[in-house]
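The values are calculated or read from the model by the stated rules, or taken from the named source; none is laboratory data. Remember, it's a predicted structure, so these values are computed and weren't measured experimentally. Here the Cβ positions follow ideal geometry from the backbone for every residue, glycine too, while neighbour counts run over all protein chains shown.
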Amino acid sequence: MSDSGLDLRTYVSAEDARERGRAARDRVPVSARDRAAESPDRPSVLEFVEASNRGRIERLIPLRIGRMTASPFTFFRGAAGLMAADLAAGPDSGLPAQICGDAHAANFGLYGTQRGEIVMDINDFDETVLGPWEWDLERLAASLVLAGREGGADEDDCVRAARDAARSYRRTVAELADMPFLQSWTAMHDESILTEAKAEDLLDDFKKAAKKARKNTSAKVVAKWTERLDDHETDISKHRFVSDPPILTPVEEQVTEAVIDGLERYAGTIRESRRNLLARFAVSDVAFRIVGTGSVGLHSYVALLHGNDGEALVLQVKQANPSALAPFLPPAAPRHEGERIVVGARSVQSETDILLGWTTIELDGSIPFIVRQFRNLKGSIDPAELSADDLDDYGRLAGALLARAHSRSLDPRTLAGYLEADDDKFDEAIARYAVRYADRTEADHAELVAAVEAGKIEAEPS
């Protein structure tokens with residue numbers, strides 16, 4: 001075996017790979033997934049919130065709490081660490097994969113490839129780690145129940161969406177296991193996934209989202225968020241961000257310089273040819289921008305770069321915190337938290353942003369960041385706004401995408417051996433757990449709302 005750790009002398013047959021999965025199933029049957037929602041060792045909601053707020057920008061914490069109180073689904077989106085505490089007490093097949101770590105239904109989205117194609121995939125990797133593949137699927141299933149409830153679907157529709165996500169995951173794994181390796185590696189990355197996942201009812205939603213995504217570019221950001229500054233000495237047209245507090249705010253000059261220094265270092269983490277591309281731009285402005293729910297309170301910037309003949313490029317420079325799942329998994333300290341996220345995304349996605357990389361920025365200490373294009377044809381289908389009839393289609397779509405994502409790090413033949421292509425007991429167990437966990441999340445959300453109303457914790461509306 002070479003220094004790379006790659007062994008090209010030993011071949012694992014399909015039967016041997018499947019047998020490994022069957023052995024795991026004998027140890028941990030699929031029926032074990034139908035269990036209590038919470039761990040007896042889980043922290044209280046306020047204990048969790050307090051711990052997850054450590055290290056965040058103090059003035060933004062009330063805004064984070066305000067977003068988490070908006071609904072049980074938004075609470076869930078900001079509580080990956082709380083669910084990890086519960087999942088850690090559950091059964092583990094012992095078949096690790098590179099997992100998203102926060103595979104809720106709203107973390108699947110559309111984005112553009114370097115060729116301008118619109119694809120759909122998992123699109124958030126802040127929590128990515130090597131961990132139990134089941135954690136992603138169970139988080140997805142619970143989120144579908146919560147999204148359906150928020151959108152007004154009845155309980156049968158919510159359960160069906162969770163069950164269909166598990167069934168689609170299982171069947172997609174079986175299909176990938178029978179494909180040639182090179183074919184399975186690039187499978188289902190574009191609109192064809194809707195047919196593969198039997199989610200054709202979402203075709204109109206996909207096309208509508210893709211149409212909006214094609215307009216979601218750096219040029220649109222410049223048109224909406226900036227003002228023009230003409231440099232007559234150099235004849236270069238530049239722009240700067242227009243303040244829109246609290247979401248978009250200016251930064252001090254020293255912060256701008258620190259971010260630019262970080263971007264220059266980040267260039268070393270992308271491919272050599274892309275460094276040449278990046279080198280043709282120059283930074284015009286930097287601003288602070290609040291994003292997401294779980295990320296509120298972290299350092300997050302947008303950098304505006306100018307290029308050829310009025311061209312603009314907007315990069316997101318986002319703080320990379322340790323994964324919220326890390327305390328519940330075997331120790332594996334990454335060299336750099338931004339690198340962890342980038343390597344995870346590259347391992348999981350069928351296509352990654354060509355400018356995705358990582359850096360360190362000196363801001364009252366060394367802080368790790370990821371860097372990516374801010375608007376590279378991004379779009380989404382909001383699961384909470386889908387009709388009850390379309391929610392199960394979305395579940396099948398997300399389940400298939402998740403299966404393809406996991407198959408890039410975990411041999412799908414082994415996973416297929418564990419799941420067995422015709423075992424409905426797995427789907428039912430996942431769905432029942434999803435309903436229990438959605439109920440648990442609603443109770444957690446109510447506890448946080450009550451704490452805010454009692455003045456125990458401050459919340460600010462977004």
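Restricting Arg27, Arg115, Arg54, Arg42 to those that are under 25 Å from Phe328 (Cβ atoms) and free of Cβ contacts under 8 Å to residues at least 40 places away in the same chain reduces the list to Arg54.
Hey, does the range 435-452 have a residue that's within 30 Å of Ala187 (Cα to Cα) and either in contact with a His (Cβ under 9 Å, 6 or more places away or on another chain) or of a type outside the set (A, V, I, L, M) (or both)? No - not one qualifying residue is present in the range 435-452. Checking the stated criteria, Gly148 turns out to be in contact (Cβ under 8 Å) with a residue 60 or more places away in the chain, surrounded by 24 or more Cβ atoms within 10 Å (Cβ to Cβ) and over 30 Å from His336 (Cβ atoms). Number of residues in the range 409-461 that are at pLDDT 95 or above and under 27 Å from Thr128 (Cα atoms) equals 32. Considering each of Tyr418, Tyr437, Tyr394 in turn, give the residue that is within 19 Å of the chain's Cα centre (by Cα) and either in contact (Cβ under 8 Å) with a residue 40 or more places away in the chain or outside the structural domain of Met120 (by TED's automatic domain parsing) (or both). Every option except Tyr394 fails the conditions.
Taking the condition closer than 15 Å to Lys198 by Cβ and surrounded by fewer than 24 Cβ atoms within 10 Å (Cβ to Cβ), does Asp390 pass? So Asp390 fits the description; yes.
Test Arg115 against the stated conditions and say whether it is surrounded by fewer than 24 Cβ atoms within 10 Å (Cβ to Cβ) and within 30 Å of Ile354 (Cβ to Cβ). Yes.
Residues in the range 34-82 that are among the aliphatic types (A, V, I, L, M), in a helix (DSSP H, G or I) and surrounded by fewer than 17 Cβ atoms within 10 Å (Cβ to Cβ): Leu46, Ala51. When residues in the range 435-462 are screened for being in a helix (DSSP H, G or I) and among the basic types (Lys, Arg), 2 of them pass. Annotation: of all residues in the range 385-426 being part of a helix (DSSP H, G or I), out of contact with any Asp or Glu (no Cβ under 6 Å at 6 or more places or on another chain) and among the basic types (Lys, Arg), the one that is nearest to Gly344 (Cα to Cα) is Arg404.
Can you say whether Gln373 is farther than 24 Å from Arg56 by Cβ and not small (Gly, Ala, Ser), as far as the supplied structure shows? Against the criterion (farther than 24 Å from Arg56 by Cβ and not small (Gly, Ala, Ser)), Gln373 qualifies.
Table: residues versus (1) buried (at least 23 other Cβ atoms within 10 Å of the Cβ); (2) more than 30 Å from Phe288 (Cα to Cα); (3) out of contact with any Gly (no Cβ under 8 Å at 6 or more places or on another chain).
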| position | (1), (2), (3) |
| --- | --- |
| Thr360 | no, no, no |
| Ile370 | yes, no, no |
| Pro383 | yes, no, no |
| Leu397 | yes, yes, yes |
| Ser407 | yes, yes, yes |
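Against the criterion of being of a type outside the set (Asp, Glu), outside any helix (DSSP H, G or I), out of contact with any helix residue (DSSP H, G or I) (no Cβ under 7 Å at 6 or more places or on another chain) and at pLDDT 90 or above, Arg171 does not qualify.
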